[in-house]
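One structure is given below, encoded as structure tokens.
The values are calculated or read from the model by the stated rules, or taken from the named source; none is laboratory data. Computed from a predicted structure; not experimentally measured. So basically every Cβ, Gly included, is an ideal-geometry build from the backbone, and we count neighbours across all protein chains shown.
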Amino acid sequence: MSWGTLGTVRPFSNFHPERDALELQSALEKKGSVDTVTLVRILTNRSNAQRQLIAKTFEEVAQKSLEAAVKKTVSGDVGALLLNLLMPPQEHDAYRLQQAMAVSMLSAFRVWHSGVHLHMNTNTVSVCVQGLGTDEETLTEILSLRSRKQLDDINAAYRFLYKKDLEKELRGETSGDFCKLLVALL
């Protein structure tokens, strides 16, 4: 089944944020089950800038955020995809960087089981092994392919979303020449 545009999403030529917001609201409030086909059709065929306008318009029309409505009604991989599509680019990159540096609880358990000492508190697991669980490919991709302005926006979004300094996090999760390179790119 084809969802429309393949590859890079270009601005939708017949764009009407009000119409899209109302159609999304109807799809999310459909009796019985959510109309995911409509959600996917609209959100995958609009540019990020257009999706941001739709989200703003949706909030004005529905008196709730589109993100909250999607979180409440759509789960699984489709829900995750839709939530990713609703993020502004800098927030999406900040999220991907955070995920690339995160250690899953399963990884932490495996490390603990192998005898490596862990520091645990209620919200985080800090592993005393630098770089464990990092996704170097994602870190490299984002930090090497963004402009100075985009990196500044990502830095600000990271600080806002996670209340942490991105450079400090990178230094804590990477080491050696790779760490120096990432920090230089940042």
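Taking the criterion of being more than 22 Å from PHE15 (Cβ to Cβ) and surrounded by fewer than 17 Cβ atoms within 10 Å (Cβ to Cβ), the residues of the range 27-72 that qualify are GLU29, LYS30, LYS31, GLY32, SER33, GLN63, LYS64, ALA68, LYS71, LYS72.
What helices (runs of 4 or more DSSP H) completely inside the range 11-68 contain at least 1 residues that are small (Gly, Ala, Ser) and free of Cβ contacts under 8 Å to residues at least 24 places away in the same chain? Full working, then the answer.
Numbers: elements: 17-28, 36-43, 48-62.
Output list reads 17-28.
If you go through the range 40-54 and pick out every residue that is touching a Phe, Trp or Tyr at 6+ places or on another chain (Cβ under 8 Å) and basic (Lys, Arg), you end up with 2. Per the conditions (1) within 24 Å of ASN84 (Cβ to Cβ); (2) at pLDDT below 90, the sole criterion not satisfied by LYS163 is (2). Scanning the range 8-20 turns up no residue that is closer than 30 Å to GLU169 by Cα and modelled with pLDDT under 95.
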